Amino acid sequence: MSFEFAACILTLFFLAGIGTPVAYSILVASIVYLFASGQSIGIAGKQLMDGLYQSFILLAVPLFIVAANIMNAGTISDRLLRFCIGLVGRFRGGLGHVNVVASLIFSGMSGSAVADAAGIGKIIIDMMTKSGHYTRGYAAAITAASATIGPIIPPSIPMVLYALVSNTSIGYLFLGGILPGLLMGVVLMGMNYFIASRRQFGMEDPVPLKDLPALTVNAFPALLMPAILLYGIYGGVTTPTEAAAVAAFYALLLAAFFYRALSLKAFYRILVESARSSAAVGLVIGGALILNFIVASENIPNMMAGALLDLDVSPIVFLIGVNILILLLGCVLDATTIILVIIPLFLPTCRELGIDLVHFGVVAVVNCMIGLITPPYGILLFVINAVTHIPLGEIIREVIPFLLLLIVALLILILVPEVVLFLPRQLGYQG
Amino acid sequence: MGTITRWFSRATEFVAAILMAAMFATFIIQITIRYTARLSWIGEAVPFLAPDRYGWTLEFCLLMWVWIVFWGNAFIVRQRDHVTFDILYTHVAPNVRKWFAIISGVAVCVALLASIEPTWSRFAILRLKSTATLDQLFGPDLKMRGIYSIYIAFLVIVALRYGWRAINAYRNGAEADLHHYAEIAEETDEEFQTADPK
Amino acid sequence: QDKVKLRLSAVQSETDQRSVAMLEKFGPMVADFAEFEPHWNGTLYAQGTELEAIASGDLEMSITSAQELATFFPEFSIFTAGYVHQDAAHQVAVFNDPLMDPFKKKVEDELGVKLLSVMYLGRRQVNLRQPKEERTVMTPADLAGVNLRMPGTDAWQFLGKALGANPTPMAFTEVYTALSTGSVDGQDNPLPTVVDAKFYEVTKQIVLTSHLVDLNYIALSKAAWDAMTPEQQEKVQAAADAAADFGRENQLKKEEELVAFLEEQGLEVYEPDVAAFREQVQKMYLESDYAATWPEGVLDKINALGN
Ligand code: NA
Ligand code: NA
């Protein structure tokens, strides 16, 4: 490791550690690197601008943020939730199942787990605690666990970011996420049923079956959204980036005209708030682009690939090793940072070892989403704690069984690539 | 003073909303055009919809995107909106936190100020470089340097903001910007209140 | 004495014929006085920003295109126009002819970039989803209404339109999916790209329009060149030429072999009425704003160097 690179890493960790925003920590650290290596510190800004101005697929990020904000503000989430209660509320652990199913459906529209937890998650936690059948920690825990599914089922901002760094097709990554997302949903519901039976959680009053048609009709246009998105992408109408715009546009039509739940003023606020979060995310992405430049000039990915190849590890050992590392990093780092900065380090080795990059990407994204609920740094835990004021300790205690289960699901995805690759192959993927 | 700041922050938010809306609308136009382009009679019957008039959409969206990012971070993104690793920051004593805020404020301020001139010199060559497709929209006088100039504005504004943050922390401590998850919670509440169906 | 460091940044992969040529010929031939350090896949500088990096002294070498040069100097669009270069040999003749001197000088003076040698990229062909019996393309009129994916800049889109198609911009990584689902009807690229990107799996025919004999230039920082001794300059020039020659031969051989391969894969590969295409495309260019930027008489000189 060169002196300038060490200085860069030290600055980065120091500044981020004392609470400087990650994006600015990266920017300052890269300026330190360029200065120490005798290069012009103007390169940082040039790299950042060039990277952002060229990455067309990144445009999906602000658009998915707009879509998620519209859905949260325009009662679409609400209607979906009532539909889910009618559907699975009648079983043991009812609202727990509702929670998972709502995440599965909602995730077909939003690209972000945090939007999922802050929006629909808050409503359902209130319901669960008010019902008196669940502890508040349990309600928060299953909400957090099921929110991780959001970015596994398409659309997905993290997958867009992975597509950016790995140059793989977003279309296939999205397809690859569907079965793993369903698998995670099924295991979470299984665990919920198991815990609800063992701890003798009370049953909810079932919604009369005769109400189900009305609830379905009410939610139907919203339920159509995932279908429209997938048809848009795989039916050849839109590129995946454009699909994000279609999602936002459809949500807007639904909320404003069909459900009449969105005023012009509320839409204006959504635009401002979306611009705000897009800008914050965009700067982290830009920072990661500079770091990738530094890592490339230091030739680190190739050195790592070389070292790993000398060790002669098998692809499966490599995959498991990388995933353990990502899980550990997920305890302390943000998912965006891991995908943009850490994952690119392993891509050359993946190519050398013949590991499929769509498989690797989906597995890595699932892993990063698990990281959203691993303490001490789990953004979903924080957001739910903030939205509901349920103490972090209680949430963490209850989330652990779900966490272990999701790790088992992750292991299945690593060992059985077919779960990821089956659907992409059906639509022509050659991996 | 308070009125001016509020007016200013509303104006900058308005610009951000316009950039966002323009990007969103352009995407919808692009998809519509792609779709109508398959029916070649539409382009002939309605020249306004002829696909070759819309070559600029892709790059225009990129232009909106980089302006959203840098305009946004210069003016409307607050400290608490950033991705921040704040475990340590929230758990240290107020006096230590104050120094954390001062150090990061000074570091960001100094680094960004120092990079203004070298960055501008890297952009210099772009005064010659044409955009790929935006001539259709803005004419040939818009060069890449004009598009990239928002980054320079971003450097100046953010440097000033963090310099100010350091000074403020030195005078008043850094307790004001704690509790940012609680603020997210309040905002979410507000959103749901405004969104209640009639 | 320390060796000169020659960092090269380019977007193509390590296995691309241009990369192979640089690695096998250029690197070894300058090894006694220079350390050749290539970065492939655009990992160092993003696509289209290499010339700027060289201009500001942050990079020494790149493999650049006439399209990129044209964003700085519009007159380079003559080398991006359809049916201007006739074949690989014609490209070399044009590059080495005095007509090229003002072009090279302008790039040196204003960008600080020296164009060392011309690399052959291949002849771009039209590659369609529909089988030949559904759509046989003999003249530009036969491409009417075809959504043809072309790179997303005005220059490429113009070429697509000149061919008679309906050009659609799209990122290269999305093209395979778009072809398999039908969001575009076709794409244009040299045959080696059709094979490398596996487009043959999702398309049915290749029309050998040869509408653009595409090229790249090996570019070197003028400052780095001026810092070398005359012997070193001679060696660098010879190494660049050797790499270009080596790459050209390989690419020509590959293009020839691939026709048979593509036919084995069930694609129909045939020649249209190339004269009809050439006539329409040249006519459209001459009427366009592009031709207005071409220096007087250069097109005639280029044509005179061909057959
Ligand atoms: Na999703
Ligand atoms: Na975590």
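The values are calculated or read from the model by the stated rules, or taken from the named source; none is laboratory data. The shown structure was predicted, so the numbers you read here are calculated from the model rather than taken from an experiment. As a convention, Cβ positions derive from the backbone with ideal geometry for all residues, glycine included, and neighbour counts pool all protein chains shown. Accessible surface is based on the protein model in full, side chains and every heavy atom, while ligands, DNA and RNA are left aside. Shrake-Rupley method; radii C 1.70, N 1.55, O 1.52, S 1.80 Å.
General observations
- Environment charge at residue A:204 (Cβ cut-off 12 Å; Lys +1, Arg +1, Asp -1, Glu -1): +2
- For the pair residue A:6 and residue B:167, a Förster radius of 25 Å applied to the C-beta separation gives a FRET efficiency near 0.20, rounded to the nearest 0.05.
- The Cα center of region A:195-226 and the Cα center of region B:105-153 differ in position by 54 Å.
- Total accessible surface hidden between B and A, rounded to 100 Å², 1.4 Å probe: 6700
- Among the listed pairs A:46/B:129; C:132/C:161; C:104/C:301, those beyond 18 Å (Cα-Cα): C:132/C:161
- Rounded to the nearest 0.05, the FRET efficiency derived from the C-beta distance between residue C:14 and residue B:6 at R0 = 41 Å is 0.15.
- For chain C, the Cβ-based charge dipole about the Cα centre amounts to some 280 debye (Lys, Arg positive; Asp, Glu negative; other atoms uncharged).
- Taking a sphere under 13 Å around the Cβ of residue A:398 and counting the other residues whose Cβ falls inside, with K and R at +1 and D and E at -1, yields a net charge of +2.
- Residue-averaged beta-carbon neighbours from other chains (10 angstrom radius) around C:173-186: 6
- With K and R counted +1 and D and E -1, the other residues having a Cβ less than 14 Å from that of residue A:303 yield a net charge of -4.
- Kyte-Doolittle mean at least 0.0 and Cα axial length at least 30 Å: DSSP H helices in chain A: A:170-198, A:212-234, A:264-297, A:392-415
- Placed amide H near residue C:208: partners under 5 Å, 5+ positions off or other chain: C:270, C:271
- The mean count of C-beta atoms from other chains within 10 Å of the C-beta of residues in B:7-20, rounded to a whole number, is 4.
- Eligible aspartates and glutamates near residue C:253 by straight Cα distance, threshold 17 Å, same-chain separation 8 or greater: C:16, C:87, C:196, C:214, C:245, C:263
- Take each peptide in A:28-41, A:402-415, count the other Cβ atoms within 10 Å of every residue, and average; sorted highest first, the result is A:28-41, A:402-415.
- Backbone amide hydrogens, once placed in the peptide plane, bring residue C:113 within less than 5 Å of C:108, C:222, excluding anything fewer than 5 places away on its chain.
- Cβ neighbours within 10 Å from other chains - mean over A:295-306: 2
- Interface area, chains C and A: about 1700 Å² of buried accessible surface, summed, with a 1.4 Å probe and ligands, DNA and RNA left out.
- Whole-angstrom gap from region A:1-55 to region B:1-25, using each part's C-alpha centre: 30
- For the pair residue C:47 and residue A:200, a Förster radius of 60 Å applied to the C-beta separation gives a FRET efficiency near 0.45, rounded to the nearest 0.05.
- DSSP bridge analysis restricted to the protein assembly as shown gives an antiparallel fraction near 60%, rounded to the nearest 5.
- Highest mean packing comes first when the peptides B:89-102, A:247-260, C:177-190 are listed by Cβ atoms within 10 Å, giving C:177-190, A:247-260, B:89-102.
- The protein assembly as shown, accessible surface, carbon-and-sulfur percent (1.4 angstrom probe): 62
- Placing +1 on the Cβ of every Lys and Arg and -1 on the Cβ of every Asp and Glu, with no other charges, gives the protein assembly as shown a dipole of roughly 3180 debye about its Cα centre.
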